[in-house]
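See structure below.
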Amino acid sequence: MDKSWMHSDRRSKAYEFGVEAFLNFAVENLLTTTHIRCPCVKCVNLKLFGVGIIRDHVYFNGIDHSDKNWTFQGEPWEATTNASRNVEEDDGHSRYSFVSEEIDMDDNDFGDFGSDPYEFANVIGDGDQPVYPGCRKYTKLSTLVKLYNLKAKHGMSDVCFTELLILQGDLLPEGNTIPTSMYEAKKTLCALGLSYEKMHACPNDCILYRKEYEDSTNCPTCGISRWMEGKDSILKEGVPAKVVWYFPPIPRFKRMFQSHETAKSLTWHAARKSIDGQMSHPADSPSWKLLDDKWPEFGNEPRNLRLALSSDGFNPHSSLSSTYSCWPVILVTYNLPPWLCMK
């Protein structure tokens, strides 16, 4: 589809015809006229509006020129047909490519990376986009990750981080892509698959208030209330007594196959050959071979993930001197080579 009109004067006929063609394209693909992501430079596909409001925004604010693929408006994602796309930072720490051809993945294998299936594709696009016109060292994504690391390292509040983003945007040349709020920054990072869920739990660790217990107010095992008790012994309804932070592993597993290098490493165990006859990897162990014999359909697919749950420091009966209440629980992917799976 011709998108040259995006760079035309907003007062020209070419721009007018282009806007109408874009809106018709979105309506035909999304089958709605009221919930379409607005591609103007202020909304940048973050807000949903009707056709009339989007038309006004695109004229008054201008259309975002960096939005080269209209995935949010129903255009097929170019990465599903082009497996050679790569994004690599100068320091070599972040590298993305899509490997549908190399490991025989079809369109259905890309799955859903969040509430919007194209969010991850948009983030990969941010990896290509310089933080300001002409910058070769940093992309929008790498800059945001580095800034967010500083926030976590030095304990910045959300308000402080938002003000830092605004200051950075003012200091950098015009046309920079720095987010202007903590909300926009979080939205980008969540699309990477780094989100988490908070679940209410029984204070005595009997149950999680999910599935059939989602609407319960008392634990069915011990009978204790779900809600926190105040100093006056009055329950604070709506304030949970205990919360578990859950980091869903499946979006992270899917993201591993989005990286060219990691995807190859995940099948390393099947391609390797033991030279000295010694056990140098879990794939050499009797347990691994027993699993292959017991479930041959699982074992014949080298991309199937083999996981180990590891923990350290638990004090279940308070029999140790330590009073810590937070302990590491690590999920290890044994598919990776030794120098990565224990990293």
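What follows is calculated from the coordinates using simple rules that are stated; it is not laboratory data. Remember, it's a predicted structure, so these values are computed and weren't measured experimentally. Cβ coordinates were reconstructed from backbone atoms using ideal geometry, including for glycine residues, and neighbour counts include every protein chain displayed.
Points to keep in mind about this one:
- When you restrict to C-alpha pairs under 8 Å that are six or more residues apart and normalise by the size of the range 193-242, the relative contact order lands at 32 percent.
- Across the range 158-247, C-alpha contacts under 8 Å between residues 6 or more apart give a mean separation that, scaled by the residue count, equals a relative contact order of 24 percent.
- Per residue, the convex hull around the alpha carbon atoms of the range 174-303 comes to 249 Å³.
- Kirkwood-type radius of the range 11-50, with distances r between different C-alpha atoms, in Å: 10.7 Å
- Note on the range 154-215: Cα-only Rg and Dmax are 18.3, 56 Å.
- Vicinal HN-Hα couplings computed from phi for the range 214-231 (Karplus, 6.51 cos²θ - 1.76 cosθ + 1.60; Hz; Gly/Pro x): 4, 9, 6, 10, 9, 5, x, 8, 10, x, 6, 5, 6, 9, 6, 9, x, 5
- Working note: Cα gyration tensor of the range 1-80, eigenvalues times five, square-rooted, sorted largest first, giving semi-axes of 17, 15, 12 Å.
- Compactness of the range 203-275 as Cα Rg over 2.2 N^0.38 Å, two decimals: 1.93
- Cβ-derived FRET efficiency at R0 45 Å, Arg303 paired with Leu171, nearest 0.05: 0.50
- Taking the average, over residues, of other Cβ atoms within 10 Å as the packing measure, peptides 34-40, 330-336 rank 34-40, 330-336 from highest down.
- Listed cross-link partners Lys42/Lys187; Lys3/Lys186; Lys146/Lys264 are compared with a 25 Å cut-off, the Cα-Cα value being larger for Lys3/Lys186; Lys146/Lys264.
- For the range 153-232 and the range 238-311, distance of Cα centres in Å: 29 Å
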